Amino acid sequence: MNNEQNSKDDLPIMELYSRIDLLMKSFLLRCVYQCIDRKQSLYYLSELRRVTISFINLDISNEQTINKNLTKNIHQIFSLIYELTKMMGGVLTKGLLFDKGWSFLCVFGLPGYKQGDDTANALKSAQMIHSTIRDQCPFVDKCSIGVNK
């Protein structure tokens, strides 16, 4: 009886693979899983290419303000940087939380995301991120952004 109930509760193997596929896609860049879906070679994804990097460093203010609303503040900052970077054709690749602040790494010019002038887009994105953080995030003391090609 127990065996029969387990088999009824088990997902069919194809549905299980489908769920695993969806979960794996959430961890991959869009251009990578598109290449996999099309059964294309992954060779071009390992190429060396010039990209533009945007490094964002945020100094956080009052420790008590941060500790009280830490998850809300992290979510607000992450969402803001993610959306503005995506809007300009970039990808937010890393977010790091330290005792003295937050750092984020954004990349412009990756395969599948390349647009006209990635350096100009990175600079526009940096300016938008800086002004938006200044206006909407009072818990951030200082926002410094470096852009490098």
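Selection of segment 88-119 for residues being more than 10 Å from the chain's Cα centre (by Cα) and more than 22 Å from Arg50 (Cβ to Cβ) yields Leu96, Leu97, Phe98, Asp99, Lys100, Gly101, Trp102, Ser103.
Does Ile66 satisfy the condition of being modelled with pLDDT of 80 or more, β-branched (Val, Ile, Thr) and within 29 Å of Asp141 (Cα to Cα)? In short, no. Selection within segment 28-50: residues that are polar (S, T, N, Q) and free of Cβ contacts under 8 Å to residues at least 24 places away in the same chain. The member of this set that is nearest to Gly89 (Cα to Cα) is Ser46.
Just one of the listed residues (Gln34, Gln115) is of a type outside the set (Asp, Glu) and in a loop (DSSP other than H, G, I, E, B), namely Gln115.
Within segment 118-149, the set of residues being assigned to a loop (DSSP other than H, G, I, E, B) and either β-branched (Val, Ile, Thr) or surrounded by 13 or more Cβ atoms within 10 Å (Cβ to Cβ) (or both) comprises Cys137, Phe139.
Determine whether segment 40-54 contains at least one residue that is surrounded by 13 or more Cβ atoms within 10 Å (Cβ to Cβ) and at pLDDT below 85. Within segment 40-54 (the criterion being surrounded by 13 or more Cβ atoms within 10 Å (Cβ to Cβ) and at pLDDT below 85), the answer is yes, since at least one residue qualifies.
Residue-wise test of (1) modelled with pLDDT of 80 or more; (2) over 30 Å from Arg134 (Cα atoms).
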| position | (1), (2) |
| --- | --- |
| Lys8 | no, yes |
| Pro12 | yes, yes |
| Ile56 | yes, no |
| Ser61 | no, no |
| Asn73 | yes, no |
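Scan segment 15-31 for residues that are of a type in the set (Gly, Ala, Ser) and assigned to a helix (DSSP H, G or I) and the total you get is 1. Only one entry of Val107, Val91, Val140 meets the criterion of being over 30 Å from Gln34 (Cβ atoms), β-branched (Val, Ile, Thr) and outside the structural domain of Gln40 (by TED's automatic domain parsing), and that entry is Val140.
The values are calculated or read from the model by the stated rules, or taken from the named source; none is laboratory data. Computed from a prediction, not measured in an experiment: that's the story for all the values here. Because the Cβ atoms are built from the backbone with ideal geometry, glycine has one as well, and the counts that use them run over all protein chains shown.
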